[in-house]
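These notes are about the structure you will find just below.
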Amino acid sequence: EGVQLSRSGQLCILQLATNTCTYILDLVAMGPEAFDFIVEERSLYSLKMLLESQQITKLFFDVRTDSDALYHQFGVRLQGVVDLQVEEVAVRRSANMPATRLKGL
């Protein structure tokens, strides 16, 4: 979540969850140090490592502006992402429902 979220807008809040915990990070208060934050004590993943890992699946809905902001503001290169907006279009098309373009484009 952010203000005019893009490479030049401000990324303010990052929400994420594991199988056992949910996190809401205030990036305005934490600043770039948020990406050095260890996500779970028993893991060795910083937030940046987790977001850049191809082995850990991340779910987003319309990842474009999130990815743009994370890269340009914090140097985070998202990998291992499943964009649920694209999945939703695929499901509509497979059910012969109208899906001429992605919603929000």
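Would you call residue 101 at pLDDT below 85 and open to solvent by less than 60 Å² (accessible area, probe 1.4 Å)? Against the criterion (at pLDDT below 85 and open to solvent by less than 60 Å² (accessible area, probe 1.4 Å)), residue 101 does not qualify. Any residue at all in the range 30-47 that's at pLDDT 90 or above and touching a helix residue (DSSP H, G or I) at 6+ places or on another chain (Cβ under 6 Å)? No, every residue in the range 30-47 fails to be at pLDDT 90 or above and touching a helix residue (DSSP H, G or I) at 6+ places or on another chain (Cβ under 6 Å).
Give 70, 78 a once-over and let me know the one that is modelled with pLDDT of 90 or more, in a loop (DSSP other than H, G, I, E, B) and touching a strand residue (DSSP E or B) at 6+ places or on another chain (Cβ under 9 Å).
Numbers: 70 fails: in a loop (DSSP other than H, G, I, E, B).
When all the criteria are applied, what remains is 78.
On the stretch given as the range 51-65, residues that are in a strand (DSSP E or B) and touching a Lys or Arg at 6+ places or on another chain (Cβ under 7 Å) total 0. Consider the range 45-88 and keep the residues that are open to solvent by 60 Å² or more (accessible area, probe 1.4 Å) and hydrophobic (A, V, I, L, M, F, W, C). The one that is farthest from residue 11 (Cα to Cα) is 86.
Considering only residues that are surrounded by fewer than 11 Cβ atoms within 10 Å (Cβ to Cβ) and modelled with pLDDT of 85 or more, which ones fall in the range 1-20?
First, pick out the residues of the range 1-20 that are surrounded by fewer than 11 Cβ atoms within 10 Å (Cβ to Cβ): 3-4, 8, 15, 17, 19-20.
Matches in the range 1-20: 15, 20.
The values are calculated or read from the model by the stated rules, or taken from the named source; none is laboratory data. Values in this document were obtained by computation on a predicted structure and should not be read as measured data. Methodologically, a virtual Cβ is constructed for each residue, glycine included, from the backbone with ideal geometry; neighbour enumeration extends over all protein chains shown. The protein model used for the area step is the full one, side chains on, heavy atoms only, and it has no ligands, DNA or RNA in it. Shrake-Rupley method; radii C 1.70, N 1.55, O 1.52, S 1.80 Å.
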